[in-house]
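Structure first, commentary second.
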Amino acid sequence: MLSSALAFLAGNGLLFSGQHLPDHMGILTLSSAAVVCLCLPRLRLVGLFVAGFCWAAWHTLQLSAVQLPPELEGRDLQVRGQVVGLPEQLSKEHTRLRLHITAYGTHGVWRDFALPVRLNWYRQAPDIHPGERWQLQVRLKAAHGYANPGGFDYQRWLFAHRIRATGYIRKSATNRCLRHAPPWGPQQLRYQLSHYLQQLTLDVHQRALLRALAIGDRAGMSPKQWQLLQHTGTTHLLAISGLHVGLVAGLVFFLVNKLWSWLGGARRWPAPRAAALAAMVAALLYALLAGFQVPAQRALIMVWVWMLSILLGVRGQPWQVWGLALWLVLLIEPLSVLTAGFWLSFSAVALILYLGRGRHGDAGRLRPLLALQLKLMVGLTPLVWLWFQQASWVAPLANLLAIPWVSFLVVPLLLLGLLLLPLSSTAADGLMTLAAQALDGLWAFLQWLDPGAPALWPAPALTTMSWVLGAIGLLLVLLPRGAGVRAVAVIMLVPTLTTAPERPAPGDLWLTLLDVGQGLAVVVETARHALVYDTGPAYPGGFDAGTAILIPFLRQRGYHRLDRLVISHGDNDHSGGGHSLLRRIPVYQVDSGEPQAVPWANATDCHHQPPWRWDGVQFNYLRTPAAASGNNASCVLKVTTADGRAVILPGDIEQPVERALVVHQADQLAAEVLIAPHHGSRSSSTPAFIRAVRPAWVLFATGYRNRFGFPKADVVARYRAAGAQGMDSATAGAIDVRIETGRELRLVGWRQRRARLWWH
């Protein structure tokens, strides 16, 4: 069972690690080959490997066929559909929901149309229940996300959750509920419990944590709460996890086993079998309450297999149970391998089995359990590194208290309160208050333990071989002392611990135009220095490009500090991420074209800064009119390599400043690469300016289907007519530019470099 499951998983993983998806005929041919191999005992594992590939390919092909027609993007559209899952109440003015669209209407004519979408309702959202059918006026765009090295792949997340478009609900008199949801079912129960928890007379942060633990609804958690959990490595606890499902099953088994014997039921049916049946039901209900996510699925399957072995009088083998759970999860949802939860959940249980061999006699002692917990955190580090590009130094200590505290104190109080809710709301409220107070105690400990961002070890990018060697080395380190492999393990860890990110040679320049949507953020690297020019936007909902994009990129590149930050001017799409960047990464100097517009940056005026040189690369600000403000106050930075090739970063300058530069500094404007002024707006990129710069390449920092229509078609044509080639971040993702002595200019987009099935 174990080898079969691993072979099936390997085939599944091969598909998603590639760039191309076979067509129906290719899948049929490979499936036939898999059947032949399965009939031959020596090739059975090969057949399972091919079968795993085909199973994932068929599901991916079916999902890829569900598309939002391009002609429907970005326009007001009447749709009808059913609410799927629990709507997320992010704030009083913001609700997010999943809707399975079944039809859309134009000019009074309705057409059948199947499309799962994720929608935001920003103002005056009504009370929405799971399972309701609604008619809504929406504006949609195809599933899309930022594409940057080290950043979160939102498009992969959407694909893994089978969401094919996103959008928002427009205010309209035609928005109405067509059919109310049935009063029963798991999702309705989740909704009712969520509503109850939201009405408790507790602090808003306490209610958010209780909702996360009780029903897996984490929508109400604040960025500060997530930050503390991230710093202490405890994010896995503040949601219904496989650990909690197993705990519920174990408690129910213990209680029913005792009560059944005490009540005399053992005379009719053995107490262990009655307890096993009760534990199966309890685990199923709790997993449904959690939204049936992958960790809950894995735990539920393993609980059921163990309990069935008790019911049938058959002894289960731990690794076979693990393999069966892996099999069933992959069969139910092969796209789950695209989520971190899948890998962390199954790896955690595998590590427990791996580390627990031969230690059953010590199971009742505290010291071995604490040692196991510490080893578990160490063993999962490679996966945490791979998925999140960071690891917490204090996580082992935090989890030593947090895991038993949440599992044996908070969760039992919480679940007992929910069970008593139909009988006595007073008793339920009291238990909820106790659970909240218990969480407060844990929270105080985590805050005391958290030193802030220094708790996180930023993990630079590794080669695949270095990562694999490091992961194997850690597993060998965790073996018992008598295994005699510690020296080998240390040798295998050396490449991981000593590998430094690649840097430009002296005199060369690497530049990365990051994909931050409708905004600008650029990282400039020389041999020993790094500069960030603009920091992208920030939004009221809590997202900002500094936290989500810039910091992960800098960590991935191995930077723990910045030599200089340039905030071209005060507009949000250029400065929004700067505040979070400065809080987390030391910066030696900050320059800005509008220092008064970014008071938190303590910036100097870039227009009065002298040129400087790093590693043979020259940096200088081009002079612009002193009275300029807003867009025209932007710092215009020119960077010139040792062999005389240059890049110009002009911010959002418009025609008046362009004319002044052409008149007074035409001899300074020639550059091989130009970041298009003002994102390709018609207010910039005058013919005279383009002729003076004579760029070989022009890069447009734009958001996918942005509301301004940047870059404007006539501006793109103007550059093309001048002989410049163009790329934009909306379609290419982050654009990597390398200007190196003796080599041709190299530009590549992240979507091309890391092409993935879900990006097509």
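Observations on the structure shown:
- Cα gyration tensor shape for segment 584-637, rounded if a/c is under 1.5, else prolate or oblate: oblate
- Fewest-first ranking of 302, 727, using other Cβ atoms within 10 Å as the exposure measure: 727, 302
- Size descriptor for the chain, Kirkwood hydrodynamic radius: 28.9 Å (Cα pairs only, one decimal).
- Taking a point 7 Å from the Cα of residue 561 along the Cα-to-Cβ direction, the residues of segment 505-529 with backbone N closer than 20 Å to it are 523-529.
- Normalised by the number of residues in segment 2-64, the average gap of Cα pairs under 8 Å and 6 or more apart makes the relative contact order 48 percent.
- C-alpha long axis of helix 294-312 to longest principal axis of the chain, angle in °: 20 degrees
- Segment 2-64 shape via C-alpha gyration tensor axes, a/c threshold 1.5: oblate
- Cα gyration tensor of segment 144-253 - equivalent ellipsoid semi-axes, whole Å, descending: 27, 24, 17
- Rounded FRET efficiency, nearest 0.05, which uses the C-beta distance separating residue 393 from residue 204 and R0 of 35 Å: 0.70
- Stretched out straight at 0.36 nm per residue, the stretch from residue 180 to residue 317 would grow longer than its current Cα-Cα span by 44.6 nm.
- Helix 655-665 vs. the chain, principal-axis angle (Cα, 0 to 90°, nearest 10): 50 degrees
- Sequence of 113, 543, 253 once ranked by neighbouring C-beta atoms within 10 Å, starting from the fewest: 543, 113, 253
- Of the chymotrypsin sites (Phe, Trp or Tyr not before Pro) in segment 159-197, the ones in a loop by DSSP (not H, G, I, E or B) with at most 10 other beta carbons within 10 Å are 184.
- Antiparallel bridges, percent of DSSP beta bridges restricted to segment 557-710 (to nearest 5): 50 percent
- Antiparallel DSSP beta bridges within the chain, percent to nearest 5: 75 percent
- Our summary gives the chain a relative contact order of 9 percent, counting only alpha carbon pairs under 8 angstrom and 6 or more residues apart.
- Sorted by Cβ density within 10 Å, fewest first, the residues 236, 231: 236, 231
- When each of 141/171; 171/712; 171/224 is checked by Cα-Cα distance, pairs over 21 Å: 171/712; 171/224
- Calculated mean residue ellipticity at 222 nm for the chain: -13500 deg cm²/dmol, from DSSP H runs with n ≥ 4 weighted as -39500 (n - 2.57), summed, divided by the residue count and rounded to 500.
- Relative contact order (%) - criterion: Cα under 8 Å, at least six apart; region: segment 71-145: 41 percent
- The trypsin sites (Lys or Arg not before Pro) of segment 1-75 that meet both conditions, a loop assignment by DSSP and at most 11 other Cβ atoms within 10 Å of the site Cβ, are 75.
- Shape category assigned to segment 509-640 from the gyration tensor of Cα positions, a/c cut at 1.5: oblate
- Range in the chain, longest, excluding exposed GluC sites (Glu not before Pro) [loop by DSSP; at most 15 other beta-carbon atoms within 10 Å]: 94-501
- Using a 4.7 Å Cβ-Cβ cutoff, the cysteines of the chain lacking any partner cysteine are 37, 39, 54, 177.
None of the figures in this text is laboratory data; all of them are computed from the coordinates on show. Since this is a predicted model, take the numbers as computed values, not measurements. In this analysis, Cβ positions are derived from the backbone assuming ideal geometry, glycine residues included, and neighbour counts consider all displayed protein chains.
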